[in-house]
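Visitor: Before I ask anything, let me first share the structure, which is written out below as structure tokens.
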Amino acid sequence: MRLTADIWVSAYLTRLRLAAIPAFVVARGDATAGAVMVKLNTLDGRACCYQRSFDLMTGDRTWMVHVEGAEADVDQSIQRQRGFDADLWVIEVEDRLGRHLLDEDGLK
């Protein structure tokens, strides 16, 4: 069964909350078909944005770095993506340690 975007986002935010990692939805996309990007803000002026993709070697779903660098540059890149895809969800995670939990089971 494929999870809809809104259910996945809700489950992800719950998992982050249980780990005491602050996160919030920056942009809501289409509930059923929207893609999801996760911006990791390390609160030091830098950020990294992840997007879900397929590993070409294994065919498995994985989270790949879309863009990383100065937070302002990452934000601009995300805004450009939103301009191309109005259905895109954007979640911002704030963690000085760089935790995002995207590598955990069930989140790929």
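Bear in mind that the values in this text are calculations on the coordinates, not laboratory data. Everything quoted here is computed from the prediction, not taken from an experiment. We place every Cβ from the backbone using ideal geometry, glycine too, and count neighbours over all the protein chains shown.
Visitor: Would you mind finding the one in Ile91, Ile78 that is on the phi < 0 side of the Ramachandran plot and part of a strand (DSSP E or B)?
Guide: Just a single option satisfies the conditions, and that option is Ile91.
Visitor: Mind listing just one residue for me: the one in segment 57-76 that is of a type outside the set (S, T, N, Q) and in contact (Cβ under 8 Å) with a residue 40 or more places away in the chain and, of those, nearest to Tyr12 (Cα to Cα)?
Guide: Trp63
Visitor: Take the residues in segment 55-84 that are of a type in the set (D, E, K, R) and closer than 20 Å to Lys108 by Cβ; name whichever of them is surrounded by the most Cβ atoms within 10 Å (Cβ to Cβ).
Guide: Filtering first and then ranking leaves Glu68.
Visitor: Checking Val36 against (1) free of Cβ contacts under 8 Å to residues at least 12 places away in the same chain; (2) under 13 Å from the mean Cα position of the chain (by Cα): exactly one of these is not met. Which one?
Guide: Among (1) free of Cβ contacts under 8 Å to residues at least 12 places away in the same chain; (2) under 13 Å from the mean Cα position of the chain (by Cα), Val36 violates only (1).
Visitor: Filter segment 66-75 down to the residues that are over 11 Å from Met37 (Cα atoms) and not in a helix (DSSP H, G or I), then identify the one that is nearest to the chain's Cα centre (by Cα).
Guide: Of everything passing the filter in segment 66-75, Glu68 is nearest to the chain's Cα centre (by Cα).
Visitor: Ok, one more. Being basic (Lys, Arg) and surrounded by 13 or more Cβ atoms within 10 Å (Cβ to Cβ) is the filter; apply it to segment 1-37 and report the residue that is nearest to Trp63 (Cα to Cα).
Guide: In this case the residue turns out to be Arg15.
Visitor: Restricting to segment 1-53, name every residue that is in contact with a helix residue (DSSP H, G or I) (Cβ under 8 Å, 6 or more places away or on another chain), part of a loop (DSSP other than H, G, I, E, B) and within 13 Å of Ile91 (Cβ to Cβ).
Guide: Within segment 1-53, Pro22, Gly29, Gly34, Ala35 qualify.
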